[in-house]
Amino acid sequence: MSKASCAHAHQDDTPSRTFEKVCQILDCHGRRSARLIPILQEIQREYRYLPEPVLTYVATSLGIPPARVYGVATFYSFFTLKPKGKHVVHLCDGTACHVSHSLHILDALRKRLGLPEGKETTEDMLFTVETVACLGACGLSPVMVVDGKVHGSLTPETAVEVIEKILAEEEAQ
């Protein structure tokens, strides 16, 4: 789709209107398929995940097979095809953290956020809670990383306090 098409998409309510930001990202990268990874990174920053219709649109816009775009999006662990919350919590459940009762922390986080078993993201899209195999901070076990900030030597109570602080900041905005 050309820049003119992107501009036209803004003027109506067709599904392509939702691709206006994607068009800008594609244009910034010269619509070059060699820039696929940085294009997908920017799209994920915008949407907090890679929506399936956007991936198909990117493939069409770059003139490459959709399978290539999906292959890249599913190969690299930093890409996600599932919507994530504004705040992402990575709770370590590696050996050191597991024996330090990280699952009790997970239970407390889920209870506070109203996340049933098997669900990672809150209905309001504010939080995503994921367990990871190891965060490489075994000396701080149990440990979690929230929005890139490490919180160690946790208890269920201190983990919930981290969440409460974020909720208070969100309400203040």
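Read the figures in this text as sums done on the coordinates, not as results from a lab. Owing to the predicted nature of the structure, the values given are computational and were not obtained by experimental measurement. Every residue, glycine among them, receives a Cβ derived from its backbone with ideal geometry; neighbour counts consider all protein chains shown.
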Extend 7 Å from the Cα of Leu167 along its Cα-to-C-beta direction; within region 96-123, residues with backbone N under 11 Å of that point are 109-115
Cα extents of the chain along the three principal axes, largest first (Å): 56, 34, 25
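State the antiparallel share, in %, of DSSP beta bridges confined to region 87-172, rounding to the nearest 5. Kindly include the intermediate steps, with their values, before the conclusion.
Working: 7 of 13 bridges.
Antiparallel bridges make up about 55 percent of those DSSP assigns within region 87-172.
Taking Cα atoms of region 87-172, Rg/Rh with Kirkwood Rh, to two decimals?
On the way: Rg = 11.9 Å, Rh = 12.7 Å.
With Rh from the inverse mean 1/r over Cα pairs, Rg/Rh is 0.94.
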GNM, the chain, Cα, under 10 Å: largest mean-square fluctuation among Pro65, Pro83, Pro156? Pro65
Against the longest alpha carbon principal axis of the chain, how many degrees, from 0 to 90 and to the nearest 10, is the axis of helix 36-47 turned? 60
Output the 0 to 90 degree angle, nearest 10, between the alpha-carbon long axis of helix 66-75 and the longest principal axis computed from the alpha carbons of the chain. 20
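Between Thr155 and Leu81, what length in nm is gained on full extension when 0.36 nm per residue of separation is reduced by their alpha carbon distance? List each step's numbers first, then the result.
On the way: separation 74, 0.36 × 74 = 26.64 nm, distance 3.12 nm.
This chain segment gains 23.5 nm when fully extended.
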Considering only the chain, percent of DSSP beta bridges that pair antiparallel, nearest 5: 55
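FRET efficiency for Thr56 and Glu130, Cβ-Cβ distance as r, R0 = 35 Å, nearest 0.05? Intermediate values should be presented prior to the final figure.
Values: r = 26 Å, r/R0 = 0.74.
Calculated value: 0.85.
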What is the helix-to-structure angle for 102-113, meaning the angle in degrees between its Cα long axis and the longest Cα principal axis of the chain, kept from 0 to 90 and rounded to the nearest 10? 60
